[in-house]
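The values are calculated or read from the model by the stated rules, or taken from the named source; none is laboratory data. What you see is a predicted model, and the numbers here were worked out from it, not measured in a lab. Cβ coordinates were reconstructed from backbone atoms using ideal geometry, including for glycine residues, and neighbour counts include every protein chain displayed. All accessible areas refer to the heavy atoms of the entire protein, side chains included, with ligands and DNA or RNA removed. Shrake-Rupley method; radii C 1.70, N 1.55, O 1.52, S 1.80 Å.
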Number of protein chains: 4
Amino acid sequence: MAPSSRTDADALVTSDNPEHPANLIPSLCAKFWTLGWVTGTGGGCSIREGDLVYLAPSGVQKELMRHTDIYVLSLCAQGDALQKQQQRTYLRAPPCYKPSQCTPLFLAAFTRREAGCCIHTHSQWAVLVTLLLETQGPGRDKVFEINNIEQIKGFGRGMHKIGNLGYHDTLRIPVIENTPHEEDLTEYLEAAMEAYPDTYAVLVRRHGVYVWGDNVHKAKTMCESLDYLFQLAVEMKKLGLPWISEVTRIGPDRA
Amino acid sequence: MAPSSRTDADALVTSDNPEHPANLIPSLCAKFWTLGWVTGTGGGCSIREGDLVYLAPSGVQKELMRHTDIYVLSLCAQGDALQKQQQRTYLRAPPCYKPSQCTPLFLAAFTRREAGCCIHTHSQWAVLVTLLLETQGPGRDKVFEINNIEQIKGFGRGMHKIGNLGYHDTLRIPVIENTPHEEDLTEYLEAAMEAYPDTYAVLVRRHGVYVWGDNVHKAKTMCESLDYLFQLAVEMKKLGLPWISEVTRIGPDRA
Amino acid sequence: MAPSSRTDADALVTSDNPEHPANLIPSLCAKFWTLGWVTGTGGGCSIREGDLVYLAPSGVQKELMRHTDIYVLSLCAQGDALQKQQQRTYLRAPPCYKPSQCTPLFLAAFTRREAGCCIHTHSQWAVLVTLLLETQGPGRDKVFEINNIEQIKGFGRGMHKIGNLGYHDTLRIPVIENTPHEEDLTEYLEAAMEAYPDTYAVLVRRHGVYVWGDNVHKAKTMCESLDYLFQLAVEMKKLGLPWISEVTRIGPDRA
Amino acid sequence: MAPSSRTDADALVTSDNPEHPANLIPSLCAKFWTLGWVTGTGGGCSIREGDLVYLAPSGVQKELMRHTDIYVLSLCAQGDALQKQQQRTYLRAPPCYKPSQCTPLFLAAFTRREAGCCIHTHSQWAVLVTLLLETQGPGRDKVFEINNIEQIKGFGRGMHKIGNLGYHDTLRIPVIENTPHEEDLTEYLEAAMEAYPDTYAVLVRRHGVYVWGDNVHKAKTMCESLDYLFQLAVEMKKLGLPWISEVTRIGPDRA
């Protein structure tokens, strides 16, 4: 169903409500810019509401984005996978930009994980963690693992599971290799989602991280917690502290 | 004494005065978010005015909090300890949130130290200091100590004591072990308060720090000074500089 | 063509449009100040529109600049090089400032690279990268090289070339030695532009970096991406990670 | 000359002009707070206009200061030193605060260096530089020295001297030992001023730095440049790079 006119299409991104996705994506991206997550037009953010997906365009300065820059895509969630892909159409496109190369990766989170929001950052801490893992050699460089840090409790146990990870649980974030063209990451991202059915995030080596959640609140707070853990992990490495520990002490005395 | 209606309860968090606790907690938490103290809904802040305790709820994005999100609890400071605990009731609860797991820890500061404000941060510097202490081995990992740094003068000598620490005094902050459930920290926090009767803060290993003070001004400025010292201590460790020194030089010449 | 009066000259820097160069330079410089790029009056920014060049003055606090502080210079793009230089006149000068010593360096970007905007930062990451290169010894200290990092895709292939660098391409930024007087850098900057015809940036040892682009958008986003890479490179050095790697893995398995 | 009433005294700190010292000190201190210079009520800022000195009070949260918090002191610049000190009176005092312990140190800059503004920071970079110097042992720990960094050009050559330091000049900032009471630093600060007649700053070991200038613009920009150099120096130390170098290369080739 394509809108009958440009006016109808623009109505999809026009609202007085600051919580409307077309308003929220620019305000979130401006915040992410101050955190160093979307430097130099890198990274991005997408929100799904029912069948509609709202997307930042390619190549925009993230702290300057406006609601008029937003793409709206219909997921066309009926039919089989191939049909759906063929039917997907942009209900609204901004006049001056191209679609983001991240689009198929965001869609993977929406269709395979029922996510309501997906965030992609180029955070230096994420990149450094993947570089540090790379030095561990084959077999040990495909997953970031950390345990016994309170902030781990910021992550859900997984789709359709109740509650969050516990303090002693090990958080595992799979790492996929980067590809020259961002859309080519999609199959590897989807494979990582299958291999790690409970993960809410996938690291991309020498590139950044994709984080999603059931809604904006969950995607954003998990992305913040993860960036916190990546930064902490880099500082721990500088100080010679291991990411995984056997510590299970409870209480003031270990005697 | 429960309020007779929702309207009465909402009056407890409604004020034009920016210094009212229900307005101050959101503005403080927004500031703390920019400092990296309350990332991803972690950490929090509570203010006591007489018998009333104002609390941020669980799971809220700290930089987006509003006065309508605030809980109000009556301390019921009459009667013995058990009676008091049983009588404590929420005079006002926000419609969409659960109470914070930090509540009993904040209450420990209010009832045992007569504090007017308690701040809980997940600052990475606090976490790193507890990790560095952990490498010192049993017996040396239960207290953070630093001396001969001017910022130490930002701390009071202790409850009911006059004046602040001096430049040459050693600041000591006890460290307790983390527990899977945050409310289970309470007994260990209280034990640390007894063991260190003059402290205004307790570190929680791999988790963060609790800092309190007679009022908002003192709790906030001590929390800032402490975070400054934690960050300095981590940088000192990277540069091979010890936290404790014998330096007692005064004046320009040591001859 | 000199303006007939001060009023005419001031009209060159007076506009309600926030995208007018006289408004944009102050807002960009205020943003750069928060990034640590133009600390203590260091660094600067210039925009060219057709024959007109808009310049920040010397010695101004960059986060406090106003449109009335802006110089306007005519490029006089007709005639041979000598004629042009002699004919260049300030169409508008602010009452209280002197022209920036960076002016001839900005002009080099405008005349030799057809740039629309040039940014000069004193970023500490840029300075540290040049210091780290210096330790490599003669022959290896004249160019910064990094590859296999996604953010490299933020750079254009070069003037009159289509598209951006790829993920596996090596980004090369030439380094010139600093001179006591900033304007004396011009000939070396121009020599580096000739030696590296595709570069959009030149590092100045122990000083900072010059970055330009076809327009403000491209200059600013390339400058951000470059600063990101400089910071990443410094952190990589601290962690013992090399800037150049042979990694060409694509996909999840290297077997 | 004491003001005849509280109203007259308050007029000294009441102005619509944002450049009035009573408005400027709060806005500067709020900016310094974001830079980490005045954490937890530490540090401060004072401005002199003719015979009047405007001072921030002791113990105030620097990002929350208001014009009504400002002290105004008369320098009484006539008569001999002892007379002057005895005659100095507060023309205006805020109702809720005590004078800052930094006051005699600020006065030293105003009376001995004819400064128009003096800034005191607790910057961690300043503290770390003094700690790193301390490890050099007696005789080498009393002055911070750095050369061949462009930002050095942000410093004046000295009182009554024309122009700024050059790129190859060595910037020298004397270090004095900290004292338990801040006012006791005064004699050592004054001795350092005599020993280094051209300096615009004095480091205080394990404490911070005092920086002054002929006016607010010069004091602030020199303080920014100095903090930049302190941070750079700490990073250089982490990377094994020396603060003093013999490099005198000019131009692209050293052959």
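Using protein chains only and a probe of 1.4 angstrom, how many square angstrom of C:HIS207 are accessible, to the nearest 10?
C:HIS207 has an accessible surface of roughly 0 Å² with all protein chains in place.
How large is ³J(HN,Hα) for each residue in segment B:186-194, as worked out from phi by the Karplus curve 6.51 cos²θ - 1.76 cosθ + 1.60 (θ = phi - 60°), to whole Hz, x for Gly and Pro?
Running phi through 6.51 cos²θ - 1.76 cosθ + 1.60 with θ = phi - 60° gives 3, 5, 6, 4, 5, 5, 5, 4, 6 Hz.
Just to confirm the numbers: D:ASN215, label point 7 angstrom along the Cα-Cβ line, distances to the other copies in nm, shortest first?
Those label-point separations list as 3.9, 3.9, 5.5 nm.
Given a Förster distance of 30 Å, report the FRET efficiency between C:HIS181 and D:VAL143 from their Cβ-Cβ distance, rounded to the nearest 0.05.
0.65
How far is it, in nm, from the label point at D:THR34 to the one at A:THR34 when both lie 7 Å from their Cα along the line to the Cβ?
0.8
For A:GLU49, which sequence-distant residues (separation of 5 or more, or a different chain) have an amide H within less than 5 Å of its own amide H, given hydrogens modelled in the peptide plane?
Result for A:GLU49 returns A:TYR54.
Please report how far the C-alpha centroid of segment C:89-105 lies from that of segment B:198-213, rounded to the nearest whole angstrom.
Computed from Cα coordinates, the inter-centre distance equals 54 Å.
Take D:ARG157, D:ARG6 and sort them by solvent-accessible surface of the protein heavy atoms, 1.4 Å probe, largest at the top.
The residues order as D:ARG6, D:ARG157, largest area first.
How long, wide and thick is segment B:189-241, going by the Cα atoms along their three principal axes, in whole angstroms, largest first?
35, 26, 19
Taking the Cα centre of segment D:5-239 as origin, sum charge times position over the Cβ atoms of Lys and Arg (+1) and Asp and Glu (-1), and report the length of that vector in debye to the nearest 20.
240
Would you please give the residues with an amide H less than 5 Å from that of A:GLY116, counting only those at least 5 places away or on a separate chain, with H modeled from the backbone geometry?
Answer set, sorted by chain and number: A:GLY213, A:ASP214, A:ASN215.
With a cut-off of 8 Å between alpha carbons and a minimum separation of six or more residues, what is the relative contact order of chain B in percent?
17
Across chain B, how many lysine pairs, 8 or more positions apart or on different chains, have C-alpha atoms separated by under 18 Å? Please give the number.
Close lysine pairs found across chain B: 10.
I need the phi-derived Karplus couplings for segment A:100-107: 6.51 cos²θ - 1.76 cosθ + 1.60, θ = phi - 60°, integer Hz, Gly and Pro marked x.
Those phi angles translate into 6, 5, 6, 3, x, 6, 4, 4 Hz.
Between the label point of A:ILE162 and that of the same position in each other copy, find the distances and list them shortest first in nm, with every label point placed 7 Å from Cα along the Cα-to-C-beta direction.
Nearest to farthest, the other copies are at 5.8, 5.9, 8.3 nm.
For D:THR89 paired with D:LEU241, estimate the spin-label separation in nm (one decimal), with each label point 7 Å from Cα along the Cα-to-Cβ line.
Spacing of the two 7 Å Cα→Cβ label points: 5.5 nm.
Quote the Stokes-Einstein diffusion coefficient, in whole µm² s⁻¹, for the protein assembly as shown, based on the Kirkwood radius over alpha carbon pairs, a temperature of 10 °C and a viscosity of 1.306 mPa s.
Estimated diffusion coefficient is 52 µm²/s.
Among chain A residues, which Cβ is nearest the axis of the A-onto-C rotation, and at how many Å?
A:LYS238, 4
May I ask you to report, in nm to one decimal and beginning with the shortest, the distances from D:CYS76 to the same position in the other copies, taking label points 7 Å along Cα-to-Cβ?
The answer, with the shortest distance listed first, is 6.2, 6.2, 8.8 nm.
Using only the alpha-carbon atoms of chain D, report the extent along each of the three principal axes, biggest first, to the nearest angstrom.
Principal extents (largest minus smallest coordinate, Cα): 74, 38, 36 Å.
With each label point set 7 Å from Cα along the Cα-Cβ vector, what nm distance links C:ASP10 and D:ARG157?
My value for the distance between the label points is 3.7 nm.
Arrange the residues A:MET159, C:MET65 by how much accessible surface each exposes, largest first, with a 1.4 angstrom probe.
Order by accessible area, largest first: A:MET159, C:MET65.
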